[in-house]
Amino acid sequence: MSVASLISIRKDIALSENHILRYITFIVLYFSQGIPEGITRFAIPAWMAINGKSTTEIAGYGAVILIPFSLKILLAPMMERYTFLPMGRRRPWMLFGQFGIWASLIALSLVPQPLDNIPLITVIVLILHIFIMFQDIATDSLVIDIVPLNEQGKANSFMWGSKTVGMSVSLAAVSTMIGLFSFSAAILTMSVSIFLVMFVPLLLRERKGEKLLPWTRGETSPEAALMHVDSWGTLFKSFGKVIVLRNFILTLMTVFLIMTGMNLMNTLLPIFTIQESEWTNIKYSNVYSSFNLAGGILGMVIGGWFIQRFGTIRLIQTALVIQITSACIMAIFTGIWTNDTYISIFIGINCTMLTFLYIGILALCMQLCWKRISAVQFTFCMTILNLALSAGAALLGFLKAFMTWQYIFVVFGAMFVVAIVLLRFVNPKKHIEKIAILENRYING
């Protein structure tokens, strides 16, 4: 069947009108997003370490490739302001990102003598991560634009869970293929999956009547035209109005506190298990990766159902209570620190609750976004989240200078108690009403 035939068959298929198609699409896109991240953030550093590269080289690689994750907020306004509306608000950028990821993986597979060309690998991975940012921002914004509020929690559970699974699968697959074949063969093989996934956004419209490709039939949908921001001044003025709303500020404070605590624990665990539980780094990595995969699957299965049944805030609060309880047990019963079973259970709880917290936080942030500037506003939320991750790692170093592990567990629990209190004052319904007022004022001038 020709591409033209496929396009003709799909002329009436639009993501905005089919919830099953939306779920499948976002699962596939986030799974594919996890594939390159599993390779670049985990498989390549492990491959470098196994082949005798120094800690300095590995750390240098890691520091450089993560730069784009800190610059997402600079890309979002450009993506909000400029797009090819006849193909949708987000889809052109999504295709651009997906194609760039695939092309970057091809380039990575062609690096000669890869162990002797780490600087070149670092540059290619840096570029690859820039394309991941384009795809990530476009996909998140598309969810906010076309998924009804009552479905966003379920969509987030599928998205984050599938990304976690994608990272775990790609890490295992690439590590195995490098051992059996070569670095180049492993990367080239994984690029095939990215190429196949590219057909998903290529053959599906955001809204009915839009173009699939620039040269095919179609036109700008009324919804996309209405939502488009036509000037930089209007964009930043709108952003300024929404970020000062009370519920949005409270949410950002809560997100910062939660994610600081979670990365405090994530930074603590490998050090704690090696120093206090007498584990090896290999044992910790195996246990952590297994529970991380399990947490991703549980998030996909349970997270969305829980949000639809009890609400986003209740999911976050429940995960926080479980984390507080497990931290208190670790602080009080220090004798279990050398018991492998109990420590493994604690790691499993941490991994699973982290997945649920991510799902809940992403869903809550999406609920609070003004669709007109969703790319900028949601990316701003994720920037705060990323700053919190850095703060969590730094906080551990500060606390360990004058505290024992026991008291650090107490601090961790106390941070989450404060987060639960803050969440009680967050009212998404009132915030949505405020956004409706802003939208009405925008339309009526």
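The values are calculated or read from the model by the stated rules, or taken from the named source; none is laboratory data. Fair warning: this is a prediction, and the values are worked out from it, not measured in the lab. Cβ coordinates were reconstructed from backbone atoms using ideal geometry, including for glycine residues, and neighbour counts include every protein chain displayed.
General observations
- Just one residue in the set A224, A185 is in contact with a helix residue (DSSP H, G or I) (Cβ under 9 Å, 6 or more places away or on another chain), farther than 29 Å from T352 by Cβ, buried (at least 19 other Cβ atoms within 10 Å of the Cβ) and in contact (Cβ under 8 Å) with a residue 24 or more places away in the chain; that residue is A224.
- Among all residues of the stretch 362-383, there is none that is over 27 Å from L245 (Cβ atoms) and either among the polar types (S, T, N, Q) or not in a helix (DSSP H, G or I) (or both).
- Filtering the stretch 398-410 to residues that are out of contact with any helix residue (DSSP H, G or I) (no Cβ under 6 Å at 6 or more places or on another chain) and modelled with pLDDT of 90 or more leaves only Y407.
- Leading residue by the ranking (surrounded by the fewest Cβ atoms within 10 Å (Cβ to Cβ)) among those in the stretch 147-178 that are over 25 Å from E206 (Cβ atoms) and β-branched (V, I, T): T176
- Test result for L320, under 30 Å from R89 (Cβ atoms) and either among the aliphatic types (A, V, I, L, M) or surrounded by fewer than 17 Cβ atoms within 10 Å (Cβ to Cβ) (or both): no
- When L142, L235, L128 are screened for being surrounded by fewer than 22 Cβ atoms within 10 Å (Cβ to Cβ) and either in contact with a Gly (Cβ under 7 Å, 6 or more places away or on another chain) or in contact (Cβ under 8 Å) with a residue 12 or more places away in the chain (or both), only L235 passes.
- Every residue from the stretch 78-111 that is part of a loop (DSSP other than H, G, I, E, B) and modelled with pLDDT of 90 or more: L110, V111
- The single condition from (1) closer than 29 Å to G166 by Cα; (2) touching a helix residue (DSSP H, G or I) at 6+ places or on another chain (Cβ under 7 Å) that L395 fails is (1).
- When the residues of the stretch 278-320 are filtered to those that are out of contact with any Ser or Thr (no Cβ under 6 Å at 6 or more places or on another chain) and not in a helix (DSSP H, G or I), the one that is nearest to M403 (Cα to Cα) is E278.
- Sole residue being under 27 Å from the mean Cα position of the chain (by Cα) and among the small types (G, A, S), chosen from A401, A393: A393
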